[in-house]
1. Taking region 77-100 as the search range and keeping residues that are modelled with pLDDT under 85 and assigned to a helix (DSSP H, G or I), which one is surrounded by the most Cβ atoms within 10 Å (Cβ to Cβ)?
2. Considering only region 34-45, I want to know if a residue exists there that is modelled with pLDDT under 85, surrounded by 10 or more Cβ atoms within 10 Å (Cβ to Cβ) and in a helix (DSSP H, G or I).
3. Report, ordered by the first and then the second residue, all pairs with beta carbons closer than 6 Å, sequence separation of six or more or different chains, a first member in region 43-59 that is touching a residue at least 40 places away in the same chain (Cβ under 8 Å), and a second member that is part of a helix (DSSP H, G or I).
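The values are calculated or read from the model by the stated rules, or taken from the named source; none is laboratory data. For clarity, every value in this text was computed on a predicted model and none was experimentally measured. Glycine also receives a Cβ, built like all others from the backbone with ideal geometry; neighbour counts cover every protein chain displayed.
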């Protein structure tokens, strides 16, 4: 959903008009009850900081997970047999936390 600047200005002006009316006639304050919405946006630095923090937490959770013994044994066997193939695309996907278009997962 996209909120245009004109819409926000209209909301603000309407709010200010109602607020001024309430200040002028306090006896009628019960007539102008309305909900108020405050829209704030984070600065690019704050968004970047939050993204970095979230990414760090996700990566730390992945690093802390220990692989199973079966998986490690299978990997050792494949390396010893020379059948282990490094998939550069998978490595790049993991580094970038991105699933490529060719991925079937």
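1. Of all residues in region 77-100, those modelled with pLDDT under 85 come to 93-100.
So of that shortlist, the ones also assigned to a helix (DSSP H, G or I) come out as 93-96.
On the way: 93: 16, 94: 13, 95: 8, 96: 9.
For region 77-100, the residue satisfying everything is 93.
2. no
3. Pairs found: none.
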